[in-house]
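Following: one structure in structure tokens, then a few remarks.
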Amino acid sequence: MRPSLNSLHFLFFALACLLVSCDHREDESVFSKTENPANWCVEGVTELRRGDILVKPNLNIFPGTSFLGGGTSFGHAALVVRGYSHSDPDSLLAHAITVESIAKDVPQEYQVREIAALTHHKFDAFNNTNFDKTNTGRRYRLRLNLTEQQIDSIVEFALRQKGDFSSWNAMKSLPDAHGKNTNDWADNNCWYCSLLVWQSVLKVTGLNLDPNGGYTVFPNDLINSPLFNNDGTHIGRARF
């Protein structure tokens with residue numbers, strides 16, 4: 001079977017990162033930040049709300065990523081578009097609906113898709129195990145303190161991207177510095193998982209979830225964003 005262009009891009013990117021990493025092995029432990037660790041991340045998630053962000057960390061070998069333990073491969077990120085509550089993580093995820101960009105060799109209409117946060121199927125287009133129990137302890141629920149109107153707008157923007165291409169070549173879009181941009185300045189035609197989340201939030205709120213401002217926004221960057229820091233009234237970062 002002839003490989004798709006998207007698959008070749010992914011392969012070249014992976015090989016380049018492998019050369020950079022040499023004999024690097026990721027620390028298997030998952031840890032909170034050493035600075036004020038008690039408040040950096042709350043343990044346990046029993047509720048997912050519309051507008052929440054699900055993330056698992058990536059390896060630290062990639063140039064430009066922020067550092068976080070427990071990462072695997074490229075990590076993943078998805079935006080919750082329908083929430084659910086349950087004490088069992090599998091049930092919680094199976095009943096929550098997300099929108100996400102996936103780096104799989106699937107037809108274009110499924111590369112940016114709306115799907116349950118956990119569902120099993122023999123075809124990649126309908127399968128989603130990104131946050132299954134093998135990722136226990138390194139699944140993050142991120143939540144911004146936003147109005148319902150902002151959350152609705154973020155979700156609506158992300159859902160409008162369904163059917164677009166998934167590509168590691170996708171680029172961040174920023175509003176024109178002189179204010180001459182059109183209303184669709186953020187509306188790319190290709191995405192990767194964490195870019196879709198980052199762009200959706202930036203478009204609606206102006207908040208930049210990439211703390212190091214790199215060319216690529218990695219899942220680790222989302223998790224490490226200080227905008228998700230916990231305080232006495234809001235839990236922005238939790239793990240399960």
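We did not get these values from a lab; they are worked out from the coordinates using the rules stated. Predicted model only: the values in this text are computed from it and were never measured. Cβ placement follows ideal geometry from the backbone for every residue including glycine, while neighbour counts extend to all protein chains displayed.
Taking neighbour Cβ counts within 10 Å as the exposure measure, how do Leu195, Leu146 sort from fewest upward? Intermediate values should be presented prior to the final figure.
Values: Leu195 24, Leu146 16.
So the residues, fewest neighbours to most, are Leu146, Leu195.
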What pairs in Lys104/Lys203; Lys133/Lys203; Lys172/Lys203 have C-alpha atoms more than 22 Å from each other? Lys104/Lys203; Lys133/Lys203
With each pseudo-label sitting 7 Å past Cα toward Cβ, what's the Lys122-Asp152 distance in nm, one decimal? 4.3
Residues of segment 63-101 with amide N under 19 Å of the 7 Å Cα→Cβ point at Glu114: 78-85, 93-101
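Could you order peptides 92-105, 115-128 by the average number of other Cβ atoms within 10 Å of their residues, highest first? Working shown, then result.
On the way: 92-105: 21.4, 115-128: 15.3.
Listed from highest to lowest mean packing, they are 92-105, 115-128.
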